[in-house]
Amino acid sequence: MAPAPLLPFQRRVLDELLDEDALCVVARGLGLNRILAELARVCATPRALVFLVNCSEQDEDDLQHHFMQMRSGENANEATELRIVKNETNATARGQLYRRGGLISVTSRILIVDLLNEVVPVELVTGVIVHNASRITAESIEAFVLRIVRQTNPSAFVKALSDAPEAFTLGFAPLEKTLKVLGLRHVHLWPRFHVDIQRDLSADSAPVIELRLPQTRSMVELQQAVLDCLSATIGELCSSTKALDPETVNVESSLFRYFDAMVKRQLSPYWHRLSARVRNMADDLTLLRRVAELITAYDPVSLLEYLDALLLSSKPTPGGLPGPAASWMASDSANILYAVARTRTFRKVPREQLPQQTRERLVSLGLPDTIVPVLEVPPKLEILAQVLEEIGVANSAAAGQNAAAGPVLVMAGSGRECRMIRAYLASLHSHVEFDVPQPDGDGGATAERHPRMMVDMLRGFFRWKAQAAGIRAGGGASQQTGPGTAGHDSAGRLRRAPPAKRRRVRGASSAGLRFPRAPAEALEQEASDLAAEVAALQEEPDSAHDAGFGVHESTGASLDAPGGGAGYLDDDDEWADALCAFDENFGLLSSSETVVVHPYSNSKGVLQALLPTHVVMYAPYPAFIREVEAYQARGAPLKQVYFLVYDNSLEEQRYLSAIRRERESFERLIREKATLVIPVNDGNVGAQAAASPANMLLRAVAARSHRNARSVPGMDDAPQQPRVVVDVREFRSPLPSLLHASGFEVIPRTIDVGDYVLHDNLVVERKSLPDLIGSLRSGRLFNQADAMTRHYSYAALLIEFEVNTSFSLQAIGGLSSDIAVNSVTSQLTMLVLAFPRLRVIWSSSPYETVSIFAELKQGALEPSIDRAVAVGQDDASVEREGVYSQAPIALLQSLPGVTLKNYQALARAYRNVRELAAASQPDLAEILGADAAQRLHGFFRSKAK
Amino acid sequence: RSISQLVLVNDLQRGNPLLACIRNVRWSHSRDILPDFEISRSSCVLYLSIRYHRLHPEYITKRIDGLGRSYRMRVLLVFVDTDDSKIPLREINRVALQSDMTLLLAWSLDEAGRYIETLKAFENRSPDPIRERVDDSHMARVSNSLTAVRSVNKTDVLTLASNFGSFATLSEAAVEELALCPGIGELKAQRIFKAFNDPFVPEP
């Protein structure tokens, strides 16, 4: 079916954008992607060549989908087609594609390489559409792309779109900066409170039922514990570095995604001076925020599993998975967190207290026979079931009056949450019952019922636990001295922590009394032991395919028949049978009985595709509310909207703040727009720069050097454009863009040795500070230095600092009183000693590097491109540029036994890592030799232990 | 005590406060060496402060020219003691590169002293700590490989390894299975899946 027509305000957004080149900022949920699709369609006339840059894969999918719908509707002769260019497309094919024209979405890094290599017919470019414009900075590749396009083709249009107003309010005059970078003079702002939008969206709205549920006691406790951890970590962070502004860095703001970026930005000028502990704390904040989100988003079992995984992976194990334990993990609040996460899942009881029957039942279910499942069901799930039932009743009543009823749409946060909801709804009437002794121990037993889904998840948890314990025991055998000794020690110390620290007293809940608070580690150990018992009981070897809820849940699951309880579908045959059964039982459902569970992350168009009469928002999500509004504004048959939110929860707080932040951002943008200093270079300056390639800066440098009387005589006769051959992988860094901006001829090629070839004898490997530290430790730099010094008479390591960081290596961790092997200073010295011929170039910023390069290029002959490419290549016959897919090759190269010498042969012999993993050892030996083949084969097969 | 245990210091450097910062190795003055510091027979150090260089820009080239060719390893140790060091550093970078000097920058005398100490102390040490290590533990290798996939962290490594067992099993996992692991979001699951299943050489 054809996509819905644009709403009047969307039409206006589009018209204004078509009128002039501008940056257009639209509030989330108002259909930016719809506008983008329309814009692209209008611009991409048959003769045009329009580039779409900075699109995510999701955006591309949406657009593809949209155009497909366009073609399938009445306008079947609609010809707009989106072509997508990624690094998989090779250079020749790309060239043909560009010449054919049309609408092309291309990765910026590839586009810039193609522009520089003149694969793109720049003179034919009609225009560039920049999506997600909030992410563009002066250093980003998109800025580079726009500059080149403008230089050679000033008439090309540039239009930029964004639906992230918040991003334009960070830092100093960010809107102005972005406009400058994009070379745009106009900005269009479309907040939700814009008059046109108000008029279009608020016309008539279906009743909304807001269901505010209290969180369970344990959820409240978890929330409090995480908040305590957060505030402790923030307090510690602020006291250990002066770099943070306590006004903005506080617990309240830490609950939002932008917080990470903000902390990193505030710390970045001092980042290299911070101790590892402080840096870890910054990462911990991200982690804790995630845990805070998961309290409402995950079911209790998954949350416990995630927490346990965090604990396990933070333990230092000899030789692997390093990392100091985060300080919050040793805190009292963390212990509460772990204890509560555990008590809402299961509790351990002495074996003799459980009736024989219960124990047998537990064992038959694959659970340890010394636990009582608690398995708290998230309140929202229960309410959701009620709501759906209510809708069902209402629908059947409506059916009596011959009113049409459409499907019910349930929207939830993530695909994972959706699967949880489906699994719960599918097994709604399937329970497992246990007899458990009364908590007060008077001998009586009560029957407790748990949804089968939850019980299955608990079994999955214990299976996982057994595996994970194996890893730990194998990896860190030395540190396990018996259950809980270490744990108790550290906890004992912590118990004596200052009494001033606020400790919440848990109410006289029976659960609290029955279980003395055990430190997280002891709990974790106990669970591992339990899991080990289960694993010992169950001999059958299993791959952990059914950890958690069913993998095979269909995407559009309907309410299951009562008592169906299909249980778990472990293999495909069973699944196929179940599918048949499904068809027999249900056949075609009338739409009024259909319930569709869909994630917000991919919500675009779902309303239009389903035409639901009832919408249930399982979690609050501002953007989707607007989509519902737009859906209604188009006259949709919406009868009822349900809105589920936990009262007084972090979820609610996040929702309210998100709305507030967006409104404030727009208000700020409106003010900034009023006082905007408009850039004058409306494309014309670019054209001038193209006319005189030797740019101001270079001339200045050259002139100064002449005064110093050090230049080669006759140099000023021919102002030739200096040339640098740059490795295509380097285009992620700002340096190539800056080099080009100051008049260098930048030649992108895939080169094996070094990053920048300045002349035939001089190669430079650029390392930013984090790169330097990382590659010194990993040994990569050693190999690179080795290769460079072997192939070039002048090989240089360029240590480049970032623009906003302090120019000093010293303060990384400070100077110790003795020589420390692990300090950067020592490792750099080691490198220098190992390669006496390796030169070191120091630069305070990429801008400075440009000047240094200009200085180094004086009087030198230009590099030969062919030579730069050929250096270090064993196999010159392969067409190399863009041949490999990046991610799979990175994974391949990281495997044991795979080296820079043999990975190409492997990549030719096997399709992907999956096939490589299935290869036999003799086959591998033919390529790698017996030794490496054995290592690689063994690596694939051995169980994680 | 044999000479080879000492760092020899040129008499020109007498009174340089830098000397007070060389504490972890022994040194002594010497009249008959050309460089400022002689670490060993084959390696030497010239010392320069940026402030001095600004006053006497010709000094360092003279010293380098006078150094001769007898040292295999020649370090130019520069003390960055001014705030605005950009322009002098451009030139120093070029001079060092063109005259076969390895440039090291220090932002304090302590740091400069530390470089001299380290050069001496590590003189005969193998560069193993900065070499690629072949780690023996299986988990370390798994960790090394999986973290090659963008955004995968060590918690994810543990979750993946414990949920799937061997690397081969993991390579056969479907996106949905990956996304089921607590902590692995949709996007991350997609990335992992693609790293395992996308062909090395893209098919047209």
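The values are calculated or read from the model by the stated rules, or taken from the named source; none is laboratory data. Just so it is clear, the structure is predicted and the values come from calculations on it, not from any experiment. Here the Cβ is made from the backbone with ideal geometry for all residues, glycine too, and neighbour counts use every protein chain on show. Surface areas here come from the heavy atoms of the whole protein model, side chains and all, with no ligands, DNA or RNA. Shrake-Rupley method; radii C 1.70, N 1.55, O 1.52, S 1.80 Å.
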Condition met for B:ASN93 (open to solvent by less than 30 Å² (accessible area, probe 1.4 Å) and closer than 21 Å to A:LEU838 by Cα):
yes
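More than 25 Å from A:VAL42 (Cα to Cα), within 14 Å of chain B (Cβ to nearest Cβ) and among the small types (Gly, Ala, Ser), is that true of A:ALA138?
Judged against the criteria, A:ALA138 is not a match.
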Within the stretch A:94-153, track down each residue that is in contact with a Leu (Cβ under 9 Å, 6 or more places away or on another chain), touching a residue at least 40 places away in the same chain (Cβ under 8 Å) and among the basic types (Lys, Arg).
none
Identify all residues within the stretch B:110-122 that are more than 7 Å from every other protein chain (Cβ to nearest Cβ) and either surrounded by fewer than 22 Cβ atoms within 10 Å (Cβ to Cβ) or of a type in the set (Gly, Ala, Ser) (or both); write none if there are none.
B:ALA112, B:GLY113
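Conditions tested, residue by residue: (1) more than 26 Å from A:TYR884 (Cα to Cα); (2) open to solvent by 30 Å² or more (accessible area, probe 1.4 Å); (3) modelled with pLDDT under 90; (4) in contact with a Ser or Thr (Cβ under 6 Å, 6 or more places away or on another chain).
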residue: A:ARG41; (1), (2), (3), (4): yes, yes, yes, yes
residue: A:LEU52; (1), (2), (3), (4): no, no, no, yes
residue: A:HIS65; (1), (2), (3), (4): yes, yes, yes, no
residue: A:GLN69; (1), (2), (3), (4): yes, yes, yes, no
residue: A:ALA93; (1), (2), (3), (4): no, yes, yes, no
residue: A:LEU97; (1), (2), (3), (4): no, no, yes, no
residue: A:ILE104; (1), (2), (3), (4): no, no, no, no
residue: A:ALA138; (1), (2), (3), (4): yes, yes, yes, no
Conditions (1) away from every other protein chain (no Cβ under 14 Å); (2) over 24 Å from the mean Cα position of the chain (by Cα): number failed by B:ASP36
(2)
Testing B:SER49 on (1) small (Gly, Ala, Ser); (2) buried (at least 19 other Cβ atoms within 10 Å of the Cβ); (3) within 14 Å of chain A (Cβ to nearest Cβ), one condition comes back false. Which one is that?
(3)
When you go through (1) surrounded by fewer than 23 Cβ atoms within 10 Å (Cβ to Cβ); (2) part of a helix (DSSP H, G or I); (3) at the interface with another protein chain (Cβ under 7 Å from one of its Cβ atoms) one by one for B:ILE60, which number turns out not to apply?
(3)
Quick one: what pairs do we get from the stretch B:192-204, first residue more than 13 Å from A:ILE889 (Cβ to Cβ) and open to solvent by 20 Å² or more (accessible area, probe 1.4 Å), second at pLDDT below 85 and part of a loop (DSSP other than H, G, I, E, B), C-beta under 9 Å, 6+ apart or different chains?
B:GLU203/A:GLU88; B:PRO204/A:GLU88; B:PRO204/A:THR89; B:PRO204/A:ASN90
Taking interchain pairs and intrachain pairs at least six residues apart, which have beta carbon atoms under 7 angstrom, with the first residue in the stretch A:900-927 and more than 8 Å from chain B (Cβ to nearest Cβ) and the second among the small types (Gly, Ala, Ser) and surrounded by 15 or more Cβ atoms within 10 Å (Cβ to Cβ)?
A:GLN921/A:ALA933; A:LEU924/A:ALA933; A:ALA925/A:ALA933; A:ILE927/A:ALA909
Any idea which of (1) touching an Asp or Glu at 6+ places or on another chain (Cβ under 9 Å); (2) more than 7 Å from chain A (Cβ to nearest Cβ); (3) modelled with pLDDT under 85 is the one B:ASN144 doesn't satisfy?
(2)
Have a look at A:GLU629, A:GLU574 and point out the one that is charged (D, E, K, R) and either modelled with pLDDT of 90 or more or buried (at least 18 other Cβ atoms within 10 Å of the Cβ) (or both).
A:GLU629
Residue count for the stretch B:35-74, restricted to those that are among the charged types (D, E, K, R) and touching a strand residue (DSSP E or B) at 6+ places or on another chain (Cβ under 9 Å):
6
Can you list the helices (runs of 4 or more DSSP H) lying wholly within the stretch A:56-143 that have 2 or more residues being farther than 28 Å from A:VAL803 by Cα?
A:57-72, A:91-100
Residue check, A:THR241 of a type in the set (Val, Ile, Thr) and either surrounded by fewer than 16 Cβ atoms within 10 Å (Cβ to Cβ) or touching a strand residue (DSSP E or B) at 6+ places or on another chain (Cβ under 7 Å) (or both):
no
Scanning the stretch A:399-412 residue by residue, those of a type outside the set (Val, Ile, Thr) and modelled with pLDDT of 85 or more turn out to be A:LEU409, A:MET411, A:ALA412
Looking at the stretch A:183-220 only, could you name the residues that are open to solvent by 40 Å² or more (accessible area, probe 1.4 Å) and under 27 Å from A:PHE157 (Cα atoms)?
A:ARG185, A:HIS186, A:HIS194
Out of the stretch A:818-828, which residues are within 8 Å of chain B (Cβ to nearest Cβ) and either in a loop (DSSP other than H, G, I, E, B) or touching a Gly at 6+ places or on another chain (Cβ under 6 Å) (or both)?
A:ASP818, A:ILE819, A:VAL821, A:ASN822
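Conditions tested, residue by residue: (1) free of Cβ contacts under 8 Å to residues at least 40 places away in the same chain; (2) open to solvent by 50 Å² or more (accessible area, probe 1.4 Å); (3) not β-branched (Val, Ile, Thr).
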residue: B:SER126; (1), (2), (3): yes, yes, yes
residue: B:VAL142; (1), (2), (3): yes, no, no
residue: B:SER145; (1), (2), (3): yes, no, yes
residue: B:ARG150; (1), (2), (3): no, yes, yes
residue: B:THR155; (1), (2), (3): yes, no, no
Pairs with Cβ under 7 Å, 6+ apart, first in the stretch A:829-849 and more than 7 Å from every other protein chain (Cβ to nearest Cβ) and within 30 Å of B:SER42 (Cα to Cα), second among the aromatic types (Phe, Trp, Tyr) and open to solvent by less than 10 Å² (accessible area, probe 1.4 Å)
A:SER843/A:PHE801
May I ask you to list the residues in the stretch B:85-109 that are more than 10 Å from chain A (Cβ to nearest Cβ) and more than 20 Å from A:GLN858 (Cβ to Cβ)?
B:LEU109
If B:LEU8 passes every condition in (1) within 14 Å of another protein chain (Cβ to nearest Cβ); (2) farther than 25 Å from A:ALA795 by Cβ but one, which one does it miss?
(1)
Residue in the stretch A:747-760 that is nearest to A:ILE136 (Cα to Cα), counting only those that are in contact with a Pro (Cβ under 9 Å, 6 or more places away or on another chain) and surrounded by fewer than 22 Cβ atoms within 10 Å (Cβ to Cβ):
A:ILE747
